[in-house]
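Trainee: Here's a structure for you.
No lab work stands behind these numbers, since they all come straight from the coordinates. All values reported here derive from a predicted model rather than from experimental measurement. Cβ placement follows ideal geometry from the backbone for every residue including glycine, while neighbour counts extend to all protein chains displayed.
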Amino acid sequence: MACEDCGRERSAGLCEACGHRRQVEVLIGEAGLLAATWSADLTDPVAVAAVAAAVRAAIEADIAAEWAEFQKITDPAALEAAGPDAVEDAAAHNAFLVAESAAAEYRHEALVMLGRSEDAQAEARQAYATELAKPWHQALPDSDDAQRAATEAAAKARPAPPSTCSPCGWSSCTPSPALSRSGPLRGRSACPSSPPARWTARPWR
């Protein structure tokens with residue numbers, strides 16, 4: 001049975017390369033949505049789409065870079081000798097590995113950001129309660145002065161937001177700690193104003 005995506009014969013309905021391409025699309029989509037959870041207002045489809053597009057550009061650029069490195073260390077003759085579809089299969093597999101690694105990084109970062117958010121909320125609630133428990137507020141804890149002081153204490157307990165990105169003004173466009181490690185994204189941020197990757201050939205597609 002031919003591959004339903006590319007028509008390659010004897011592929012049981014889906015060849016190896018197209019199977020990897022489908023997985024790459026799923027992983028890139030997942031990474032984009034994960035990045036949007038801390039980089040955009042999730043009620044704003046335009047903002048979410050902008051983050052997803054930036055994440056896609058970053059991952060696709062890394063796929064191209066990894067493929068270029070692979071070609072440098074691989075004997076073209078040996079690859080061609082492996083079969084007529086060997087280059088295409090290798091490129092698609094390379095793309096899958098890069099996208100899989102990137103998605104894992106974004107999952108990790110999403111968990112880190114969730115933990116920070118929960119910790120910050122807990123600290124703010126504790127500061128609010130501590131302020132109201134002070135002797136001079138105990139008599140009238142619901143008074144304007146007491147509530148104002150407690151609210152200010154809670155605000156101070158929350159960590160300051162990260163510096164904004166000068167091109168787009170988003171507070172989340174600075175490279176995150178998890179993505180700054182050596183890995184597929186190499187510390188790039190999900191800033192929608194970042195320039196597109198300078199590459200045209202996409203052998204994995």
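Trainee: Would you mind ranking V26, V46 so that the residue whose beta carbon has the fewest other beta carbons within 10 Å leads the list?
Mentor: If I rank by nearby Cβ atoms, fewest first, I get V46, V26.
Trainee: Pairs of Cα atoms under 8 Å, at least six residues apart: use those to get the relative contact order of the range 16-180, whole percent.
Mentor: 24 percent
Trainee: At 0.890 mPa s and 25 °C, plugging the Kirkwood radius over alpha-carbon pairs of the range 31-112 into Stokes-Einstein gives what diffusion coefficient in µm²/s? Write out the running numbers ahead of the final one.
Mentor: Values: Rh = 14.3 Å.
D = 171 µm²/s.
Trainee: Please work out the Cα center distance from the range 104-155 to the range 76-91, rounded to the nearest Å.
Mentor: Their Cα centres are 59 Å away from one another.
Trainee: So for each of 67-77, 4-14, 32-42 I average, over its residues, the number of other beta carbons within 10 Å; can you give me the resulting order with the highest mean first? Please report the intermediate quantities before stating the final value.
Mentor: Working: 67-77: 11.3, 4-14: 12.9, 32-42: 20.1.
So the peptides 67-77, 4-14, 32-42, ranked by packing, come out 32-42, 4-14, 67-77.
Trainee: From the Cα trace of the range 16-180, what convex hull volume per residue do you get, rounded to a whole Å³?
Mentor: Details: hull volume 22.5 nm³, N = 165.
Taking the convex hull of the Cα positions in the range 16-180, it is 136 Å³ per residue.
Trainee: Once phi is turned into ³J(HN,Hα) by the Karplus curve 6.51 cos²θ - 1.76 cosθ + 1.60 with θ = phi - 60°, what whole-Hz value does each residue of the range 63-70 show in order, with x for glycine and proline?
Mentor: After applying 6.51 cos²θ - 1.76 cosθ + 1.60, I find 4, 5, 5, 5, 5, 4, 5, 4 Hz.
Trainee: Of E80, E88, E25, how do they rank once you tally other Cβ atoms within 10 Å and put the fewest first? Don't skip to the end; give the middle numbers.
Mentor: Details: E80 11, E88 21, E25 14.
Arranged by neighbour count, lowest to highest, E80, E88, E25 become E80, E25, E88.
Trainee: Stretched out fully, how many nm does the piece from A47 to E123 gain, at 0.36 nm a residue minus the Cα gap? Provide the component values of the computation, followed by the final result.
Mentor: On the way: separation 76, 0.36 × 76 = 27.36 nm, distance 2.91 nm.
Residue separation times 0.36 nm, minus the Cα-Cα distance, leaves 24.4 nm.
Trainee: What is the range 1-68's relative contact order, in percent, from Cα pairs under 8 angstrom and six or more apart in sequence?
Mentor: Working: 55 pairs, mean separation 13.7, N = 68.
Computed value for the range 1-68: 20 percent relative contact order.
Trainee: Using r as the Cβ-Cβ distance of E9 and K72, and R0 as 25 Å, what FRET efficiency do you calculate, to the nearest 0.05?
Mentor: Numbers: r = 32 Å, r/R0 = 1.27.
That gives a FRET efficiency of 0.20.
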